[in-house]
Every structure is written in structure tokens, then in C-alpha cells.
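The values are calculated or read from the model by the stated rules, or taken from the named source; none is laboratory data. Fair warning: this is a prediction, and the values are worked out from it, not measured in the lab. Methodologically, a virtual Cβ is constructed for each residue, glycine included, from the backbone with ideal geometry; neighbour enumeration extends over all protein chains shown. Ligands, DNA and RNA are stripped out before the accessible areas are found, and what is left, the full protein with its side chains, is counted by its heavy atoms. Shrake-Rupley method; radii C 1.70, N 1.55, O 1.52, S 1.80 Å.
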Amino acid sequence: MNTSWIILSALINIFVVLFLSPFFDGFTRKVRALIQSRVGPPPLQSYYDILKLMGKEDLKSTINPLFRISPYLSVISIAMAALLIPITDFNPPFNFWGDIFLFIYIITVVGIAIIITASASENPFAYVGASRKMMLHLSVEPILAIALITGAINAGSFKIGDIVTWYYSNGPNVSMLLATVCVFLSLQALIGKIPFDVSEAEQEIAEGVLIELSGPKYACVKWANMSKQVLFCLVFSQIFIPWPMTENFLLNTIIALLKVTIIIFISTLIEALNPRLRIDQALKYNLTLAGFSITAIFLALLGV
Amino acid sequence: MSLLKKLAQKAFKKSIWVFHVNTGACNGCDIELLDILTPYYDIERFGMKAVSSPRHADALVISGPVTRPTVDFVRKVYEATPEPKIVIALGSCATAGGIWFDSYNVIGGVDKIIPVNLYIPGCPPRPEAILFGIAQAVGMSKKKIKPIIAAKVES
Amino acid sequence: MEYISYLTASLMLLLMGMVFTSFIKNKSVSGMVSLIITSFFSGFILCFSLKLILKNTVLEYEFFSLSPLLNSSFQVFVDSLSALFLIIIAIAAFCVTMFSWKYLNAYKIYSAYRFYPFLFLLFISSVGIVIIRDLLFFIFFWELMTLSSWLLVISEREKREALKGGLQYFIATHVATAFLILASVILYSYSNNFSFIEIRKALSILIENNMLLFNFICLLIFIAFVTKAGVLPFGFWLPNTYPQAPSSASSFFGGVMSKLAVYALFRFFLSVIPFSSNTQIWGFIIATAGVFSIFVGTIAALTQDEAKRLMSFHAIGQVGYMLLGIGTGLYFINTNPFLGMIALTGGLLHLFNNSIYKSLLFLNAGAIFYKTGTTDLNKVSGLIKVMPLTTMTAIVGSLSIAGVPPFNGFVSKLLIFESSIWTAKISNASFLIKGIFIISGIISVFISAITLASFLKFVNSSFMGKLKTLRNDKKDIPWTMTVSQIMLAILCLITGLFPIIPLELIYKAILSVSEIQLPAFSEIFISNFAGIGINFCPNCLYGGAWFPIFVIFSVLIFSLLIFAFEKYAQAPKRDVDTWYGGKEHTPEEVTYTGHSFYQPFKDLVSFKIGKIKFRGLYPSEFPSFKVSVPLWIKKIINPDEWLYYPVANKIEKLFNLIEKLYDRLIQHYTFLFIIGIVLVILLVFYLLGG
């Protein structure tokens, strides 16, 4: 646990989550196109999109200073959250006692940034989107929290690193498997993709929270959304399915990338084959799942 | 000009996002525009996609003759689109007014209101024609774009 | 004795302020006088209490005694816990007075002496509650606090809602005080002295002899304090009462007054009532009450459309967090001092943080009221354009109350979550108890998302969006109001970035109160200015630490990188109109009002049981209920019918008869007179003649 290892590991995490995320987005689009028997865009398409948006004109529809700041905050907080995920080793580069709560809060900050951007843009569509996004957040976060707490009770530690280490060495038990299933079922809602993309429903409320953004700001929020997909798939693959993990950090990174690719493929299948839910249906789904996942905690208390 | 800016301008041609404006069309052109999103033509392989807000758009596809009630809307949507942008007039009506060129309620083609870069005539234009027009716009085919704005797109 | 002179001086200052402001009618003059007096008071108290805590000493002083009459004396006792609360009071009092100076101009109707004297009385009574060590004077100050705050609530007595809320408050808190008085009378009969020390002795005897009575006294004390703290279901009055007072007063209510009830609870259950097996039971009850009010209070807050009412519901919810921490701490402090200590520290740290950001948020609501004349979230929007600094402080306050790092709510909530979930690892607790504590922890995690949601609603609908018409001109609010908010916001940030400062104060406070052996600060927390680490058992290793400074540092690096990236891309900028689909709209047409936020969620938590409508798990309207009473009871309770009217009628008839004697002519009277005289003479002759 020396400094150089921390810096290297942090750089790898940020590289995977922030800089590879447009590639994974391109992969998603390609898979979706293939499912619909289309050719689809080139795999680097999302890089082109972000680059193009970076150079476009930045339209300002309000004098509100928060409108200018908060899109960047979304990318920053994704980067912060990326530092809490174990990719190269059992332990993530940043860890402390209680980082599962920090992680839950930091992914909330992503939501806050986008919600504040939306409401600062003064567009009523954006307000509708912001309201829906917050509701989705508050219904889906308990599931992730409960799953992580189940791990914490099993492992006897509030550190993500310890949870992963425990899970890797002890193998799955009933409560952890249940938590894993719950996180998987809430994965689409965590990412914010179909069937849970109610806050950015293009056809319904014209991209909702993003309607007023243009140029670099839109690029940032787009980028944050792409990175969010990779981030949550990494959470699922690295914390809840930590196998296999080796001594070599490069090999670990490659294994993590392969796992993420598989999970993104499954998530894209779900996305391509499902319609969008209404917000009240999504809320009920998530809250029911959250209520159900409390069972995992009781099982963990019983020690199974 | 910084490297990122140059890259952005290169990337512009590879990802053109389209905002569709209907200024009073008979929906013939609109259906043909939708047709290029289908698996058969699949415009997304050129990195193009339809967006739902002009703030995100690079290209405005305007179909239909500009009727009097929609004049303000056309100006507004042109203003709401960030630079660099290209305006595509889709169909005969948008190009010059079509069969309503002398109607009391029609201003005429889109170019009477806002500058147009690309005309795709036809009533309605076939999807192939739209693809061809867009291929011209992104530089895959020989260009027939208005010189002043072509410089903006090209550089 | 140097300390006592500080204390007497500050109390004298407050008394002086009360007297002065009673005679000044002009709002600005009165405000300035009270600001000067309060700043001296706050300076003295801060100096005094910081000295006391740093030197680790205790102040004991007896002013006078009622000794021949009653075994009670005005006994001042200031330990670190009291000093901590004195700090809170001093900060809040200063900011509140500073804010009130210009703020009162927003009220056209009432004059200064409906406000300042009572505010000073409230300060005096809050200081009194904290420093006293005698139950009789404690009740005296407690009652003084209730009365002065009640007078502040009804200070706008032209409004019907104010009177209604004031009445609810008056009745509820006086019932609670009655419980407290009953408890004190029972205790006096056993201890024969009102001093806390004697009461403690009496209670430790009582605990062995009469367990039932002991628990009854605990129940009385619990209900008395919990009603004042606003814990549901006893705190039903709170959301109707707090919004009625002027915002600066409600800021003191929410920031300090309801916390003083938690102080009293803490003081009584930790130092006055001796430790026993019952402490565990009461800890469990306190924790459960806390969770109940967290859950119901905060979800009810989500459905509110009025800023101050929303914050009042949050006051209920936040008190729940403190009680959860304190309850968990009381449950475990004997069996597992490490866990109990972390929970207690979390509860008190949350109290400290809450008093800062709660005051701040109420002041924000006051600023909105000053600018627009209303705090209804459906009627205000876009205020960031006229008061940007207030908006920033409101965002800081909202993120703090939601516990978003690196603001101050995060650390205290972290301690509460961790301590309640760590109960799973305690081997000697039963499965059900562990389950309930863990569910409490999960509920509090879930609820902090809801807190965030409701405060984003507050920020989004009042400060963001299009600017609507204002009451005043477009200038920013007066600088005194802004400065007081900014001071509190900076405090939020500082205590969030350096959590070690309040943690050490609080740890000392708890150590000074409790009499059982507790682990030292360095055994539990890493004493490091950059962050904190927590240790749950004597042999555990530190699991790393929470370093807010490093987080801020990396956030700054990232933001610099991204801004550089944006500058490097050289994107041009242009000002445009908002895109509504090409049309023009007035601000009123396109505003997304506060009522529309989270509508599906509100529908999910609104239902009807019988005739009572529940909105956000909280009964919103009661049906008007009628009690049918048997006829004979009605007769008995109506003595007019069978007692008063018959007697009155009889008497009236009698007097009518007497009256008839007098309505004759003068001749008749002369005739009767002559006859009478004749009769008398005849009688006299008859008697004399024999």
C-alpha cells in the first residue's frame, strides 16, 4: 500500500471509468443496432460525439451561475466515485472505514449535479425530468445501500475492500447471493437506461433534464451518463462478483474489463428488448425490490 | 486554434445530430425522413441521429413551406441551435414553396427566412436522395453547398 | 472566581437588553440595541465556555438558596456538556439577532416590543436551562422558555393561524410541563431536595425498592422532554407552530430550542438517572421513537408546499436522528462502551451540526419572506437572480442537512449509521433487537435521500427558475441578513471539513457527564486534523479514515482539469432565450411549481384510513367529530337548567310582588298610613289599659 501503487491504481480506475466509457457506449450502440438488424455506428462514435460537442457553441439561456458549474460537478463526482471501486486489487485506491456510505453519497452527488443543472436551466421540461430523476434516485439507492450493508454485516467491516476480500475468500452465501440478485435487478435503474430512463425520456419530455444544455456542458453530462454506466457495471462486477482476482494488477484490470463488457452486453439486451416504464411503475418496482432486499440483511444477521 | 478545437471540427462531420422541424408539411417528407432511421437505410452508421432539442442539434432538417404562423418558430429554432450548424431544406416545399409558392398564407421556401446550406428537392424526396444529400454535407460525396457556409463546415 | 463573573455579566446583559427593548418602539433602533447587546453576550459566553472546555474544569456556584422554605437553591453547574450547549446558544443567538435587525421591517404591522423582549427572555431561559443543576429552577426556566416562545409564536396575533398554532403549542407543552412537575413532586417526596445530586441518590435507592415507580418517573420525564423536542407522535404541534413565528425566531426554535429538549433528555438519562438494566430499555424506547419520527416526519415533509412548514417537519425528522444515536448509545454503553460511545457522539454531533444548519435554513426562509412576502413554494421562483449569496447558503444548508460530503451532516450521520448497523456484530444482543437497530439504520439511510429530495425541492422551486414579481425592488437583501447566513454557512463547511474540532468538544462533554468508565478519545477516533478514523473494538485496527481535505483537494484538481479542458476547446458563448418549443411564455406560465415535485411519490405515501386523510404518512385533515353524551350527563354538566334558572325565577317573582307594593298613588299611602297609625294607637291603648 505505498503511494505509487495508490496513484497508479487511481489512474487506472479513472482511465477505465472516464476514458473508456465512450467506447463502452459505442459498444452498447453497436449491440443495439445488431439486435435491430442494423449496421450501427462505428465503435468510436461516442468519442466523436463528445469531441464534437466540446467544440460547439455554448448557449446560455440564464444568468444563473449554477447552470455553468454543475455539469462539471457531475463528471467530477463520477471520477471521485470511480476511486472507490476495486479494479486493480481487492482494495480500491481510496478507502476508509465507512466508505460504503461515502460511495452512496457520491453517486447521489452525480444526481444532485444533474438536477441542479436542470432546474437552473429554467426549462419546465427540465424540471419534470429533475423531479423524476430525484424520485428514481431515492427509490433505487436503498437497494444498493442494503446490498452493501449486507456485505458489511457479513464481512464485519464498512470498507468496500474488506467486503470484496471477505466475499472472495469465503465464497457466496445465501444473503450475499440475494443481495447480488437485487443489485442486478436494480442495475438498469442505477444506470438510468431503459426501462428506467424516465428522467431523460426523449420522446416524452424531450431529453428532460438535458434539454437546455449545449456544447461542452452537454458533452460533460453525456460523458457523465456514459461513465455512470461503466461505474455501476463495475460496482456489480467487482464488488458482487469479485472472482477471479489475481496478484497482477494489469491482469486484474483486463479481467475487470472483460466482466464489464459481459454485463454491459446483458444490460444492453434488457435495454433493447424492453419498453420504458412510467415513473410510478418504476417507483413501485424499486420500492418493492428494496423491501424485498431487506430479507438479505436478516439472512446475513442469521449468518447464512 | 487549439488541437481540441481542430479535433472537434473533424469530429463534426462524423456525428451530425438532426433536429426535425415541420413548418407546415403534408407529412410526406416526414415519413421519408423517418424511413432513413429504419434498419434498411440506417442513418446511424454515419453517426447521425435524431435529437429532440435544438440545443443538441448540428443540423436542422426543415420540411414544408414556411407558413405565416410558423415564421417566428423557424427564426427561434435557428437561434436556438448552436454554431456550427447546417440547415437542410427537405422536399420541394421547403426548397422553394412547392405547389404553394404563391399561396396567400405561405412565405415561400425556407431560405426566405434563414440561410439554407443544403437543398434536398423532391415531393417527397426518396430516402436515397436524403442520404445522398447528407453524404454531400458530411463530405462523403461531392459537395454542392453554398460556399460561405461550406467553409464553416469544412474547416 | 473568574468564570462566574463572565456568566453573571452575560445574564445581566440579556436582562438589560430585555428591559431596554421593552421601551423602544422603533424597530431599527431596537434591533441595533439588541444586536450590540447580543454580540457582547455571545462573545462573553463563547469565551467563557471555550475556556471552560479547554481547561477541562467545572464551574459550580450557588447564587442563593430557598433553604428554610424548600430544599432548593439556584445552583449553577457548568460542565463541558453545558458549555457545548452554551456555544450553540451563543452562535445561534448572535446570528438570529443580527438577522432580525432588518428582517422585522418585512412585517408592516407589529412593533418592536412584541419581539425583542421575548427574544431576550428566550435567550435567558435557554442559558438558564443549560447551566442549572436544580430541578425546581430547571422547571422554572423550562416554563419561562415555553412562555417566551409562545409569545413569539403569537407575536403576529392578527393572523388566525398564529393564534391557532400558539394555542396548540401552549396546551401541548403545558401538558408536558405538568408531567415534568408530577415527576419532580414524586422525586422530591423521596429525595427531599431538588438538587440533581440528591435526586440521583434517591433514584438509585428507588431503583432497588420500587422498580415500577422508577419506570413511571422515567416515562414522565421522557414524555415531557420528547413533547418539547417534537418527536412524533407527541410533537404533533410542531409543524403548526414553528412557521407562525417570525423566521428569525423560528430559526432559534428549530436550531436551539428543540435541541434543548434533547439536551435535557441526554442530561437526565445519562447523569441524573443512574445506570441500570432499565437504561437499556429506555435507550431502546428512545431509539424507536427516534426512528418513528425520522420516518414519518421526513416523508411528511416531502409533501409540504410551504417552506417553513417543510423545515418544521424536518426539525421533527432530524431530532429523530439524534434520538436514534442517543438511544443506541444508551442501549450499548454498558455492555459495549466503544459502540455506545460512537453512537452517543454521533447523536450529539448531529445535534451540534443540526443547530447550525437548521438555523441557517430558517434564516433562508426568512430571507425569501423578506423579498417576496410569502414562503409558499408555489408562489416564489428564480430568487437566485436577486439574492445569489442567500442561494449559495441555502444550497450549503440543504446539502448539509442531507448529509452530503464534505458538509457537516455527513460525519454525524456516518457515525449514527455505522453505530446502528454495527450492532449486528454484538454477540450479546438478541436477534430481534439487532434486527430493529439495523432496520433503523437502513431507514435513516433511505430517509437522508428523502431529506435531500425535499430540500432540492425547496432550492429548486424557490431559487431556480424564472423570476416572478417581487414585493420589494430588485436589490439584494440588507447586508446584515446576508452576513448572518454566510457565517452559518461557513460554520457548516468548517465543521464538515474539520470534524475533529466538534468531535473533541463533544467527546469531552460526554465524558464529563457520564460516571461509568469510557474509552479515551484516542482509542476510538484518530486524532488528526485532516480527518477521522473510527475504531469499534479495543483490538480492531483502524480501518482508514475520512479525509475531507483530500477529497476537496482532488475535487479541486479535477475541476481545474475540466475547466482547462473547456477553455482549451475554445467553444464560443452566446446568450439565448429559453427553448419552449419556439413559443414565447410568461414566467407564470412555465414555472414548475413546488406542488408538482415528486407527485407520484406523494401519491404513493398518501392514503385514507376511515375518515382521516393521510398525506405523506401524516394526517392532513381530520373529520369534524361529534361525541354523543347521554342526556343525564348533559343535564348534570348544565346546571343552569335545573339549578340556576328555577331559583332565579322564584326570586324574581318574589321581588315582583314586593315591587307591586310601591306602585300605589300617594292618597293610598296616606290612607294606609292613617290606618296604621290608628291601629298602632289602638294597640298601645290596649296594652296600656291592660
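Numbers for the structure displayed
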read-out: B:Ala89 being buried (at least 20 other Cβ atoms within 10 Å of the Cβ), touching a Phe, Trp or Tyr at 6+ places or on another chain (Cβ under 8 Å), more than 14 Å from chain A (Cβ to nearest Cβ) and without any contact (Cβ under 8 Å) to a residue 40 or more places away in the chain; value: yes
read-out: Which listed residue, of C:Lys434, C:Lys468, is outside any helix (DSSP H, G or I) and either touching an Asp or Glu at 6+ places or on another chain (Cβ under 9 Å) or at the interface with chain A (Cβ under 10 Å from one of its Cβ atoms) (or both); value: C:Lys468
read-out: Of the criteria (1) within 10 Å of another protein chain (Cβ to nearest Cβ); (2) under 20 Å from the mean Cα position of the chain (by Cα); (3) modelled with pLDDT under 85, which one A:Ala130 fails; value: (3)
read-out: Residue that is surrounded by the most Cβ atoms within 10 Å (Cβ to Cβ) [pool: residues in the range C:145-200 that are in contact with a Phe, Trp or Tyr (Cβ under 9 Å, 6 or more places away or on another chain) and among the acidic types (Asp, Glu)]; value: C:Glu156
read-out: Segments classed as helices (runs of 4 or more DSSP H), wholly inside the range A:135-245, with at least 2 members that are within 12 Å of chain C (Cβ to nearest Cβ), closer than 21 Å to A:Thr88 by Cα and not aromatic (Phe, Trp, Tyr); value: A:160-170
read-out: Residue that is in contact (Cβ under 8 Å) with a residue 40 or more places away in the chain, within 12 Å of another protein chain (Cβ to nearest Cβ) and within 20 Å of B:Asp42 (Cα to Cα), where the choices are A:Gln36, A:Gln45; value: A:Gln36
read-out: Residue selected from the range A:52-76 under the condition within 13 Å of chain B (Cβ to nearest Cβ) and among the basic types (Lys, Arg), by the criterion farthest from A:Ala118 (Cα to Cα); value: A:Lys52
read-out: Single residue of C:Ser149, C:Ser72, C:Ser111 found to be assigned by TED's automatic domain parsing to the domain that holds C:Asn192 and at pLDDT 85 or above; value: C:Ser149
read-out: Of all residues in the range C:546-569 being small (Gly, Ala, Ser) and at the interface with chain A (Cβ under 9 Å from one of its Cβ atoms), the one that is least open to solvent (accessible area, probe 1.4 Å); value: C:Ala569
read-out: Condition check for A:Arg29: touching a Pro at 6+ places or on another chain (Cβ under 6 Å), buried (at least 17 other Cβ atoms within 10 Å of the Cβ) and either more than 10 Å from every other protein chain (Cβ to nearest Cβ) or in a loop (DSSP other than H, G, I, E, B) (or both); value: no
read-out: Unique match (being in the same structural domain as C:Lys358 (by TED's automatic domain parsing), open to solvent by less than 10 Å² (accessible area, probe 1.4 Å) and at pLDDT below 85) among C:Ser419, C:Ser444; value: C:Ser419
read-out: Residue within the range C:665-678 that is open to solvent by less than 100 Å² (accessible area, probe 1.4 Å), in contact with a helix residue (DSSP H, G or I) (Cβ under 9 Å, 6 or more places away or on another chain) and not in a loop (DSSP other than H, G, I, E, B) present; value: no
read-out: Failed condition for C:Tyr331, given (1) within 18 Å of C:Ile510 (Cα to Cα); (2) in contact with an Asp or Glu (Cβ under 8 Å, 6 or more places away or on another chain); value: (2)
read-out: Single unsatisfied condition, B:His56 versus (1) at pLDDT below 85; (2) in contact with a Phe, Trp or Tyr (Cβ under 7 Å, 6 or more places away or on another chain); value: (1)
read-out: Residue within the range C:178-186 that is touching a helix residue (DSSP H, G or I) at 6+ places or on another chain (Cβ under 9 Å) and touching a residue at least 60 places away in the same chain (Cβ under 8 Å) present; value: no
read-out: Residue check for A:Asp89: assigned to a loop (DSSP other than H, G, I, E, B) and more than 9 Å from every other protein chain (Cβ to nearest Cβ); value: yes
read-out: Members of the range C:64-86 found to be open to solvent by less than 10 Å² (accessible area, probe 1.4 Å) and not in a strand (DSSP E or B), listed by number; value: C:Ser72, C:Asp79, C:Ser80, C:Leu81, C:Ser82, C:Ala83, C:Leu84, C:Phe85, C:Leu86
read-out: Boolean, C:Leu643 is closer than 26 Å to C:Ser462 by Cα and open to solvent by less than 100 Å² (accessible area, probe 1.4 Å); value: no
read-out: Subset tally (residues that are in contact (Cβ under 8 Å) with a residue 24 or more places away in the chain and open to solvent by 70 Å² or more (accessible area, probe 1.4 Å)) for the range C:570-605; value: 2
read-out: Breaking point among (1) within 21 Å of the chain's Cα centre (by Cα); (2) more than 7 Å from every other protein chain (Cβ to nearest Cβ); (3) not in a helix (DSSP H, G or I), for A:Ile114; value: (3)
read-out: Any hit, the range B:26-34, residues being open to solvent by 10 Å² or more (accessible area, probe 1.4 Å), more than 12 Å from every other protein chain (Cβ to nearest Cβ), part of a helix (DSSP H, G or I) and closer than 29 Å to A:Tyr47 by Cβ; value: yes
read-out: Scope the range B:35-47; condition facing chain A (nearest Cβ under 9 Å) and open to solvent by less than 10 Å² (accessible area, probe 1.4 Å); matching residues; value: B:Asp42, B:Gly47
read-out: Which numbered condition A:Glu122 misses (of (1) under 28 Å from C:Ile549 (Cα atoms); (2) in a loop (DSSP other than H, G, I, E, B); (3) within 11 Å of chain C (Cβ to nearest Cβ)); value: (1)
read-out: Selection from the range A:293-304 of residues that are buried (at least 17 other Cβ atoms within 10 Å of the Cβ) and of a type in the set (Ser, Thr, Tyr); value: A:Ser293
read-out: Any chance C:Phe120 is closer than 22 Å to C:Phe253 by Cα and open to solvent by 30 Å² or more (accessible area, probe 1.4 Å); value: no
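Okay, residues lined up against (1) open to solvent by less than 40 Å² (accessible area, probe 1.4 Å); (2) away from chain C (no Cβ under 13 Å); (3) without any contact (Cβ under 8 Å) to a residue 12 or more places away in the chain; (4) not polar (S, T, N, Q):
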site: A:Ile263; (1), (2), (3), (4): yes, yes, no, yes
site: A:Thr268; (1), (2), (3), (4): yes, yes, no, no
site: A:Ala272; (1), (2), (3), (4): yes, yes, no, yes
site: A:Pro275; (1), (2), (3), (4): no, yes, no, yes
site: A:Gly291; (1), (2), (3), (4): no, no, yes, yes
